[in-house]
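Engineer: Submitted below is the structure of interest, expressed as structure tokens.
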Amino acid sequence: MSHQNSIYPATTPIALYVAAILGHPALAPDAPRSDRRRATGRPTLLLLLDWLGDTAYDADDQCLALCELDDSEELIGGCEDMHAFRDVRPALFHAVRAFLYHDDVDVRHTALTAALPLAEHPALTAHRGELAGHARRLLAAEADRLRRDRVLDALRSWGCDTGGLENAADVEARRRYTAARVATAGDWPGGGYSQSPPF
């Protein structure tokens with residue numbers, strides 16, 4: 001699957017399987033056996049959406065660029081696995097998209113956070129307007145730092161003006177992240193991160 005931001009040969013088939021079962025009634029947050037959750041207390045549906053989103057972020061354009069900067073044999077294989085995952089992003093996106101309209105707000109927000117990195121795929125650019133609408137609704141109601149950061153980063157990368165959507169905590173977080181990137185610019189080729197700090 002994935003480990004420490006790495007994509008493996010098994011990641012793509014597992015992601016396709018996860019996408020295929022997302023709509024199964026047993027995974028609904030209010031399903032009779034939904035109290036059988038992991039230690040996080042989150043329903044299985046949310047855990048699977050989280051995993052798809054995290055994996056998509058681990059295979060986004062920035063991560064691919066970093067992978068391709070290193071020509072070691074180990075990373076070349078990892079880049080091939082990353083390309084395989086990236087090729088199926090449209091199928092994963094369409095499975096996740098249905099949950100953007102779920103009755104449960106946590107499901108909607110988790111699905112949006114998963115859909116954003118998938119929408120980097122060129123075949124999905126037409127969906128960015130729809131996602132931006134969901135993003136604005138999330139930012140009006142959501143306090144979770146990671147979700148807010150990912151949504152704001154996606155909107156900025158699409159050329160959207162986020163000035164009116166940011167709160168004071170967002171501005172401070174962006175200032176801290178920028179300072180951290182500058183301070184550690186030599187730690188990664190190209191001065192980037194595989195995910196936003198703090199890790």
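Engineer: Check Glu130, Glu172 and return the single one that is farther than 28 Å from Arg97 by Cβ, at pLDDT 95 or above, part of a helix (DSSP H, G or I) and of a type outside the set (Val, Ile, Thr).
Structural biologist: Numbers: Glu130 fails: farther than 28 Å from Arg97 by Cβ.
It is Glu172.
Engineer: Which of the residues belonging to the range 104-123 are part of a helix (DSSP H, G or I) and of a type in the set (Asp, Glu)?
Structural biologist: The answer is Asp106, and nothing else.
Engineer: Please tell me if Arg136 is of a type in the set (D, E, K, R), modelled with pLDDT under 95 and over 14 Å from the mean Cα position of the chain (by Cα). Lay out the reasoning, then the answer.
Structural biologist: Numbers: of a type in the set (D, E, K, R): yes; modelled with pLDDT under 95: no; over 14 Å from the mean Cα position of the chain (by Cα): yes.
No; evaluated as a whole, the condition is false for this residue.
Engineer: Here's a follow-up. Quick one: in the range 1-38, which of the residues that are modelled with pLDDT under 95 and small (Gly, Ala, Ser) is nearest to Ala111 (Cα to Cα)?
Structural biologist: Ala28
Engineer: Could you list all residues from the range 139-184 that are over 21 Å from His127 (Cβ atoms), among the β-branched types (Val, Ile, Thr) and open to solvent by less than 50 Å² (accessible area, probe 1.4 Å)?
Structural biologist: Passing the criteria: only Thr184.
Engineer: I've got another one for you. Test Tyr101 against the criterion of being over 17 Å from the mean Cα position of the chain (by Cα) and open to solvent by less than 40 Å² (accessible area, probe 1.4 Å), and give yes or no. Break it down stepwise before answering.
Structural biologist: Values: over 17 Å from the mean Cα position of the chain (by Cα): yes; open to solvent by less than 40 Å² (accessible area, probe 1.4 Å): no.
It is false that Tyr101 is over 17 Å from the mean Cα position of the chain (by Cα) and open to solvent by less than 40 Å² (accessible area, probe 1.4 Å).
Engineer: Tell me, please, whether a residue that is touching a strand residue (DSSP E or B) at 6+ places or on another chain (Cβ under 6 Å), touching a residue at least 24 places away in the same chain (Cβ under 8 Å) and either assigned to a helix (DSSP H, G or I) or of a type in the set (Asp, Glu) (or both) can be found in the range 92-103.
Structural biologist: Within the range 92-103, not a single residue is touching a strand residue (DSSP E or B) at 6+ places or on another chain (Cβ under 6 Å), touching a residue at least 24 places away in the same chain (Cβ under 8 Å) and either assigned to a helix (DSSP H, G or I) or of a type in the set (Asp, Glu) (or both).
Engineer: Filter the range 43-86 for residues that are modelled with pLDDT of 75 or more and more than 25 Å from Ala154 (Cα to Cα) and give the result.
Structural biologist: Within the range 43-86, Pro43, Thr44 meet the criteria.
The values are calculated or read from the model by the stated rules, or taken from the named source; none is laboratory data. Because the structure is a prediction, the values reported are computed rather than measured. Every residue, glycine as well, gets a Cβ built from its backbone with ideal geometry; the counts of neighbours run over all protein chains shown. Only protein heavy atoms, including side chains, enter the accessible area calculation; ligands, DNA and RNA are left aside. Shrake-Rupley method; radii C 1.70, N 1.55, O 1.52, S 1.80 Å.
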